[in-house]
Amino acid sequence: MRRNNRPAEGTEGPVYQCRLPLSSATSDLVSGLVRGHLKKIRSRWRKLPPGRIALIVLAVLRHDQRLSDIAGGNDVSASTVRRWLLEVIGLLAARAPRLDRALKKIARTGGVVVLLDGTLVRTRRRTGDANGPNYSGKHKAHGLLFLALTDERGNLVWISAAKPGRCSEITTARDNKITAHLREAGLGVLADLGFVGLDDNPDDPVIVTGRKATRGHPLTAAQKEANRLVSRERAANEHGFADLKNWRILTKVRMNARHATMLLRALLVLTNAEVQR
């Protein structure tokens, strides 16, 4: 998709093209949601038609365009673009699957295992004590922690709510009751060493992780080989995160935790519309 961004009438400035490497199906999805929303709220007029609104919002999400820049090129205000952005994010996030439904869907299609991992989405550093919990000592940066589940091929199936960057992955997993949901769906999960000890029933485990070496107890050759096998099977999980972070708005999030959660879930829907392995 291509879009000419022209200066407002009566002003001078260059004309440039911005290419969106997205399928027409993704654009149709977003424009259809906007069109349905306008009909639902009985809005009879917008500055631009739903197709143009969808294009502008996708440009902001994909390229992290400054709102004032893209607003000037489309003869609208930056506050209008921000309102459209939050509106579309909310519509898309409402389509993101809940954890229990996502796991049951995988079980119905014959899946037996999912992949679990966490990632830190960096945020703009703000002054004051309120931003202190967002500092991650592990990554030496401010951000919000998210957990994600993918299927065996690396397709994203679920994203957790945002947690402060200082939280650990295993605590976040416990807060989301991931182990209980896995047992209910009859699925297992492969995870990295950060989730060792998450399973509350070692006699009937649903979470498979590698083994950690301890002081005075190095790993045996068999345990090292088992770790390599788990890492190899978990590699597809990284593809899911890579697909998600192709949306450059995640380079440095400028939203609060509630809006950031909606943003990640909206991008999950868009990513699945673009990529299916």
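Only beta bridges with both residues in the chain are counted; by DSSP, about 75 percent of them are antiparallel. Once R0 is set to 22 Å, what does the formula 1/(1 + (r/R0)^6) return for the Cβ-Cβ distance between Ala25 and His63, expressed as a FRET efficiency to the nearest 0.05? It comes out at approximately 0.70.
Summing charges over all other residues whose Cβ lies under 14 Å from the Cβ of Arg265, with Lys and Arg as +1 and Asp and Glu as -1, gives +4. Placing pseudo-labels 7 Å out from each Cα toward the beta carbon at Arg35 and His217 gives an inter-label distance of 6.2 nm. Between Glu274 and Glu87, the FRET efficiency estimated from the beta carbon spacing at R0 = 25 angstrom works out to 0.75. Measuring between their Cα centroids, the stretch 157-177 and the stretch 234-254 lie 16 Å from each other.
Calculated [222 nm] ellipticity per residue, helices only, for the chain: -14000 deg cm²/dmol; basis is -39500 (n - 2.57) per DSSP H run with n ≥ 4, divided by all residues, nearest 500.
Stretching Arg153 away from Ala257 to a fully extended chain increases their span by 34.5 nm, per 0.36 nm per residue minus the current alpha-carbon distance.
FYI, it's all coordinate maths here, none of it is from the lab. None of the values given here were measured: they were computed from a predicted structure. Please note: Cβ atoms are built from the backbone with ideal geometry, for glycine as well, and neighbour counts cover all protein chains shown.
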